[in-house]
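The values are calculated or read from the model by the stated rules, or taken from the named source; none is laboratory data. In this text, all values refer to a predicted model and were calculated from it rather than measured experimentally. Here the Cβ positions follow ideal geometry from the backbone for every residue, glycine too, while neighbour counts run over all protein chains shown.
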Amino acid sequence: MRATGADRAGGLKLGPGGTGRRIGLVITAALMAGAASAAALSGADAAKDRQTHMKELGKAMKTIVDQLHSGSPDVGQIKLAAATIDKDAKALPSWFPDGSGPSTGVKMKALPVVWTDKTDFAAKAHTFQIAAAKFDAAAQTGQASAYMPALKEVGGACKACHEKFRTKDED
């Protein structure tokens, strides 16, 4: 059954010209403004912003690993970290705008191939997004039997991207 202008959800009139449509337009405009402001960062500022986001991702993964090795994992911490990973995975492609690579002079681990092989980078980012969403959904159940296999997928997606698009860590 199709919704009409007379249908209501939560007191909002849905359909053409309804309040629900106006709210949707406001949300869309806000998201576009956020994307535009991220894209407006200079190359060096975008690179530094990306590093901040990547550190947040790393911290979330460390939280999960630490909890799993603790002997008595705090499922609440795992759930929060999983949600952070999912949120960041969705945004990750926007962290690599043109002009934010090594030519900025900012010390980074991202290799130039991120910007020269955008198709493969986008594919690997998409794989990570799917894995992160699955992991978050599984983690929210609080059941290790559900989230452990999904966590392995996240790790595999990270590794696949890092192998091609990130410098090797020097120990």
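Being surrounded by fewer than 16 Cβ atoms within 10 Å (Cβ to Cβ), of a type in the set (S, T, N, Q) and part of a loop (DSSP other than H, G, I, E, B), is that true of even one residue in region 133-155? Yes, region 133-155 contains a residue that is surrounded by fewer than 16 Cβ atoms within 10 Å (Cβ to Cβ), of a type in the set (S, T, N, Q) and part of a loop (DSSP other than H, G, I, E, B).
Contact annotation: residue pairs with Cβ atoms under 7 Å, 6 or more positions apart or on different chains, pairing a residue in region 70-84 that is outside any helix (DSSP H, G or I) with a partner that is surrounded by 15 or more Cβ atoms within 10 Å (Cβ to Cβ), are P73/Q67; D74/Q67.
State the number of residues belonging to region 95-107 that are out of contact with any Phe, Trp or Tyr (no Cβ under 8 Å at 6 or more places or on another chain) and either among the charged types (D, E, K, R) or not assigned by TED's automatic domain parsing to the domain that holds H126 (or both). Show your work before the answer.
Initially, region 95-107 is screened for residues out of contact with any Phe, Trp or Tyr (no Cβ under 8 Å at 6 or more places or on another chain), giving 95, 97, 99-100, 102-107.
Remaining after also requiring either among the charged types (D, E, K, R) or not assigned by TED's automatic domain parsing to the domain that holds H126 (or both): 107.
Summing the residues that are out of contact with any Phe, Trp or Tyr (no Cβ under 8 Å at 6 or more places or on another chain) and either among the charged types (D, E, K, R) or not assigned by TED's automatic domain parsing to the domain that holds H126 (or both) in region 95-107 gives 1.
So, of the residues in region 66-105 that are modelled with pLDDT of 95 or more, over 16 Å from the mean Cα position of the chain (by Cα) and of a type in the set (A, V, I, L, M), which turns out to be surrounded by the most Cβ atoms within 10 Å (Cβ to Cβ)? That would be I78.
Whether any residue in region 79-94 is under 15 Å from R166 (Cα atoms) and in contact with a Phe, Trp or Tyr (Cβ under 9 Å, 6 or more places away or on another chain) is what I want to check. Scanning region 79-94, I find at least one residue that is under 15 Å from R166 (Cα atoms) and in contact with a Phe, Trp or Tyr (Cβ under 9 Å, 6 or more places away or on another chain), so the answer is yes.
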